[in-house]
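A quick write-up on the structure given underneath.
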Amino acid sequence: MQKRYYIKTGAANPQPVHSSRRSSSTPLFFVWFFVVLLLVIAALTGLYFLGKQSSDQDANAVLPTSIPSVAPTATPTPTLSRKDMRITVLNGSGVAGSAQKVSSYLQGIGYTIDATGNAGIFTHRGITIEVSKENEPYVALLTKDLTGQFGQVSATVSATARNSVRVIVGR
């Protein structure tokens, strides 16, 4: 605490007078201290909320993601069963027993034979397979089975025939 001296006026001999009053700077110091303290607290609070807000924005940010690709799957090949195909065998060579020989072979390896008979003409060469569009998947299987046993085989798909398979045996 600082001591102050005052001079008394109006007396014959002015003399310094000692005063024990407190300095007025002490309350001013506390006022400034609290003002600075409040400013520091406000600044720190502001920084805290600004930092929290930016981290919340980071958490809510839309991040680019890769789009999962779907690998194409192969279309399953239908399982072909020989017993499901119904065949008509025709003799197109004019040689007796030709259709019966092919018919017996096809039955022996599992095909279903609906009928045997004669073709309208006897000028066919090799074996000709005629199938409807619905039976087209069987062409490769039937051609393979007949080529191994009888040689030359040709096949045609008919857009007009419905659900039929014909095997014409030629010379």
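Per-residue answers, yes or no, for (1) of a type in the set (D, E, K, R); (2) closer than 18 Å to R86 by Cβ:
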site: S104; (1), (2): no, yes
site: G110; (1), (2): no, yes
site: I129; (1), (2): no, yes
site: E136; (1), (2): yes, yes
site: V153; (1), (2): no, no
Counting only residues that are touching a Ser or Thr at 6+ places or on another chain (Cβ under 6 Å) and either among the charged types (D, E, K, R) or under 19 Å from S98 (Cα atoms) (or both), the stretch 123-171 contains a total of 11
Among the numbered criteria (1) in contact (Cβ under 8 Å) with a residue 60 or more places away in the chain; (2) assigned to a loop (DSSP other than H, G, I, E, B); (3) under 49 Å from the mean Cα position of the chain (by Cα), which one does A74 miss?
(1)
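Hey, any hits in the stretch 45-63 for a residue that's closer than 19 Å to I168 by Cβ, modelled with pLDDT of 85 or more and either among the basic types (K, R) or part of a helix (DSSP H, G or I) (or both)? Full working, then the answer.
Taking the stretch 45-63 as the starting set, the residues that turn out to be closer than 19 Å to I168 by Cβ are none.
No, the stretch 45-63 has no match at all.
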Contact list, first residue from the stretch 94-105 and at negative phi, second anywhere and of a type outside the set (V, I, T) and in a helix (DSSP H, G or I), beta-carbon distance below 7 Å, six or more apart or interchain, is V102/F150; Y105/Q149
Considering the stretch 144-171 alone, what residues qualify as being hydrophobic (A, V, I, L, M, F, W, C) and more than 39 Å from the chain's Cα centre (by Cα)?
L146, F150, V153, A155, A161, V165, V167, I168, V169
Look at L141 and say whether it is surrounded by 14 or more Cβ atoms within 10 Å (Cβ to Cβ), under 39 Å from the mean Cα position of the chain (by Cα) and modelled with pLDDT of 85 or more.
yes
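The values are calculated or read from the model by the stated rules, or taken from the named source; none is laboratory data. The model shown is predicted, which means the values in this text are computed figures rather than measured ones. As a convention, Cβ positions derive from the backbone with ideal geometry for all residues, glycine included, and neighbour counts pool all protein chains shown.
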